[in-house]
1. List every residue whose amide H lies under 5 Å from the amide H of residue 143, counting only residues 5 or more places away in sequence or on a different chain, with H placed 1.01 Å from N in the peptide plane.
2. With everything on Cα atoms, drop me the angle between helix 50-63 and the longest principal axis of the chain, reported from 0 to 90° to the nearest 10.
3. Rounded to the nearest 500, what is the 222 nm mean residue ellipticity of the chain from helices alone, with -39500 (n - 2.57) per DSSP H run of 4+ residues and division by all residues?
4. Among (i) 41; (ii) 47; (iii) 69, which is the computed percent of Cα pairs over 23 Å apart?
5. Between residue 145 and residue 51, what length comes free when the chain is fully extended (0.36 nm per residue of separation minus the Cα-Cα distance, one decimal in nm)?
6. Quick one: which of 54/102; 53/102; 45/102; 45/138; 54/145; 134/156 span more than 18 angstrom between C-alpha atoms?
7. Calculate the dipole size of the range 98-159 relative to its Cα centre from +1 charges on Lys and Arg beta carbons and -1 charges on Asp and Glu beta carbons; express the result in debye to the nearest 20.
8. Work out from phi, with θ = phi - 60° and the Karplus expression 6.51 cos²θ - 1.76 cosθ + 1.60, the ³J(HN,Hα) of each residue of the range 95-102, listed in order in whole Hz, and give x for Gly and Pro.
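The values are calculated or read from the model by the stated rules, or taken from the named source; none is laboratory data. Treat the numbers as computed from the prediction; the structure is a model and nothing was measured. Virtual Cβ from ideal backbone geometry, glycine too; neighbours counted across all protein chains shown. Protein only, heavy atoms only, side chains kept; ligands, DNA and RNA dropped before computing areas. Shrake-Rupley method; radii C 1.70, N 1.55, O 1.52, S 1.80 Å.
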Amino acid sequence: MERQYIQSGMYHQMISYGARGPDQDARKALGDATNYIFAGLWWSKKLPYPQVKKFDTDYQAFAGHEPDSYYPAPAYDAMRALAMAIEQAGSLNKTAIRDALKNVELKDSLMPGQVLRFGKTGQVELPFVIVQNKPDDKSDIVYPKDAATGEAVAPKPRK
């Protein structure tokens, strides 16, 4: 889709394809056409928190490669939250566990903001990580501000 967009000569001040854009496959296939695309992710190994650095090191030791997407860290924190809820429930009863999840608070979370908790509806309360591709195969976190590794560039520069 991005290739056709570029070939057609279209221009928008900002562009995003949801979670797509910073992945290496897209960057290899489209090169500079991926510059300045924004993406909303659940997690990034570039988050500047000590627990993220440790997770990255531990993951590499276990898997033999670094995390190549945002999936491993949310899965890891989800299991930590579930284990905490089971412990708090003192039971494997699913209703007791569900009720305990309402009170779970991981204060050393790998997720943006570093705290994982659930709201009244049971939905996790976390900000997205917004990243932006930059020239020279660089990608910066531009939101949340406490984790930013660079400034957003908008509007997208014209060639």
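1. Result for residue 143 returns 130.
2. Tilt relative to the chain: about 90 degrees.
3. Calculated at 222 nm, the ellipticity per residue is -10000 deg cm²/dmol.
4. Evaluating percent of Cα pairs over 23 Å apart on these atoms matches (ii).
5. On the way: separation 94, 0.36 × 94 = 33.84 nm, distance 1.79 nm.
The residue 145-residue 51 span can extend by a further 32.0 nm.
6. 54/102; 53/102; 45/102; 54/145
7. Numbers: 11 positive and 9 negative charges, 61 e Å.
My answer is approximately 300 debye.
8. Working through the residues one at a time gives 5, 5, 5, 4, 5, 5, 4, 4 Hz.
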